[in-house]
Structures are given as C-alpha cells and as structure tokens.
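The values are calculated or read from the model by the stated rules, or taken from the named source; none is laboratory data. As the structure is a computational prediction, the values presented were derived from the model and not from experiment. Because the Cβ atoms are built from the backbone with ideal geometry, glycine has one as well, and the counts that use them run over all protein chains shown.
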Amino acid sequence: MEDSAYRQDCEALRTTWNDRIACADGPLPGSVLDPLVTPQGWCGHVQLAEGQRAGTVIDAVSDIAKAYDLPDGSIVVRTMAEHRQVFIWGYTTKSGADYHLSWPHPVLDGSEFVDIKRQSNGTTLLDLVQLTTWARAHKESWDAIRAGREMDVQQFVRRLGRLRAGIVDILTRAKPQQIRELLMRVGLDRASLPNDLAEALNYPHDRDPTIPIPR
C-alpha cells in the first residue's frame, strides 16, 4: 500500500537528518532521528553516536535549523535519562520555541515524591509545600505590581504560569477546598488568580478573605 503523505513527510525529515546532520562531515555523525510531523513543525527522538552527548546536540541547533530551513532559535532540545538520547522539537516559528521554553517546570504530576506519605489520594505533603512556595512567589510579584513597585513582567508571567500549572495538576488529585485554603493562608485574593481557576476553586470575592480555622 502506498505510504500516506504523513509518512512521506516523516521520511523526508529523516532523510534530511541523515544527509545534513548525521553524515560523516555533519555536526552529529552517526546519530539517528526518529521523527514525527506536528502542526507546529516536527519533533523526534535522537539516538546519539558514541562520544556524543546532549551538549553536542545543543551546540548543533543552528546547523539543524538551517538544514530544515527553520529560523534561528526555533530548535528545542531536552535531555533524557539515557545520556546518549535526546528529544528534539523543530518549530516553524521562533515564537513556538519561545513558548515551549516558557512552559512551567517542574510539574506536580504526583510522580516526583512517591516515597513521601500522601496527605490525600495522590497528593503528597511535598506537593503542597511546593505549591505553597510557588503561591508565595506569585503573591510577592502580584503585590509589587499592585503597589507600583518595579517588577520584571517576565518574572511575573513565569511565576503565575508556574502556579497555574501547579494548581491545575494538583486539582486532579486534591479537593478544591484543600487548594483554596492553602492559597488563602498564603494571602492571595481572588483578583490575583485567573478567573477560571478562581471559579474552579470557588474562591471568595471578598477583598480580604477570611483565613480558614485549622481543623
């Protein structure tokens, strides 16, 4: 059966890698790319050759972008547990890579602290401590902006994005009341949270919410 256009596009990505990147005089000779086409460009797993490391790939990102006719700064590389493997994304726009790099990390997916006693189904005490730390950092930035003090907007966005990701992830394993009370103890008001999260947490509208009484 004739290969689909998608398979042909994937094969074209592999061929370009072999001809321009993995060739004898290329930046990563002997490496192997297993690519997939995405709506924003492509991505793939790279098996490195002997003597190559993630840093070798990072040093080659300009060559990779040029080989695939992509803008400088459009390649993202992530290391993997195996030191001779990396995962790579090639975006058709530099903004795509910039957005990717702005994703909040690390996430609270319940797998980081499996050896710590859980406070509720799927939630660890360290999860809650980490979320509290992120909430306090966001409050610091929020208070600075509200007070008119000098504040790096990028830092504010990064802290808000990190807190948002933490809340979204931990809500899959914790009750909204638990997270709402945590944020209220930190001192965050409703205006400091995105509307959808405030609604999901049933966050109070009062300017100075009542701190829950410990039970």
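Points to keep in mind about this one:
- Hey, residue 13 in a helix (DSSP H, G or I) and crowded, with 18+ Cβ neighbours inside 10 Å or not: yes
- Qualifying residue in the stretch 172-182 (condition: in contact (Cβ under 8 Å) with a residue 12 or more places away in the chain, assigned by TED's automatic domain parsing to the domain that holds residue 129 and under 21 Å from residue 101 (Cα atoms)): no
- Taking the stretch 67-84 as the range and being outside any strand (DSSP E or B) and surrounded by 13 or more Cβ atoms within 10 Å (Cβ to Cβ) as the test, the residues that pass are 67, 68, 70, 71, 73, 74, 84.
- Members of the stretch 140-162 that are touching a helix residue (DSSP H, G or I) at 6+ places or on another chain (Cβ under 6 Å) and assigned to a helix (DSSP H, G or I): 141, 142, 156, 159, 160, 162
- Filtered residue count, the stretch 44-53, keeping only those that are surrounded by 19 or more Cβ atoms within 10 Å (Cβ to Cβ) and within 22 Å of the chain's Cα centre (by Cα): 2
- Taking (1) surrounded by 17 or more Cβ atoms within 10 Å (Cβ to Cβ); (2) under 25 Å from residue 6 (Cβ atoms); (3) out of contact with any helix residue (DSSP H, G or I) (no Cβ under 9 Å at 6 or more places or on another chain) in turn, residue 31 satisfies each apart from (3).
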